[in-house]
Every structure is written in structure tokens, then in C-alpha cells.
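Working notes, beginning with the structure itself.
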Amino acid sequence: MNGDGIRFNIAALALAAGLFWGAAILIVSAANLLWPGYGRLFLDLPGPIYPGYRPGGGPGSVIADGAAAGAVIGWMYNTLAASMKRRS
């Protein structure tokens, strides 16, 4: 490493987080269709957060939310890392 620290690629982190969160919802939804009751609490959790979301309805808005969260986390990390570097 060259001593400059590590910077996240915010777009890549946003995409990865969105796909991960969407895939988690999709996989648990599919398992819930096979074994009713499986993951019910997990699938009920996003209901109040995502307008139009219903368990088993697909990961559309969930992927967008995961991407937004990933972008915010990446931006916060890069900003804090740069701030701490200036102080040292």
C-alpha cells in the first residue's frame, strides 16, 4: 500500500449492497414459498419501510434501498477516512 489509505468505489459498494440485500430478500421469499412460515419475521420487517412491499412480492424496491445504503456507507467511510488522514 502506498500510505494513501483505502477509498471505496462508492458505485461498486452501492451495487454490491443493493444486490446482496435484494438477493437475501429473494432467497428467503423463495424458501418461504416452499416452507410456509420460514423467515416470516424477516420478510415482515421491510413492510413498513418499502411502499408497496409485500412478502413474496419480489426484491425491486429492496435492491434500490440496499444500493442507497451502500452508497451512503461508502461516502461516509471515504469522508471520515480523509478527515482522519488530515489530522494525522
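Tabulated data
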item	result
Burial order of peptide ranges 17-24, 31-38 (average beta-carbon count within 10 Å, highest first)	17-24, 31-38
Simple label model, 7 Å out from Cα along Cβ direction - Leu19 to Lys85, nm	2.6 nm
Residues Asp65, Asp44, sorted so that the one with the fewest Cβ neighbours within 10 Å comes first	Asp44, Asp65
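Read-outs throughout are calculated quantities, based only on the coordinates presented, and are distinct from any laboratory measurement. Note that this is a predicted model, so its numbers are computed, not measured. FYI the Cβ positions are ideal-geometry reconstructions off the backbone, even for glycines, and counts take in every protein chain you see.
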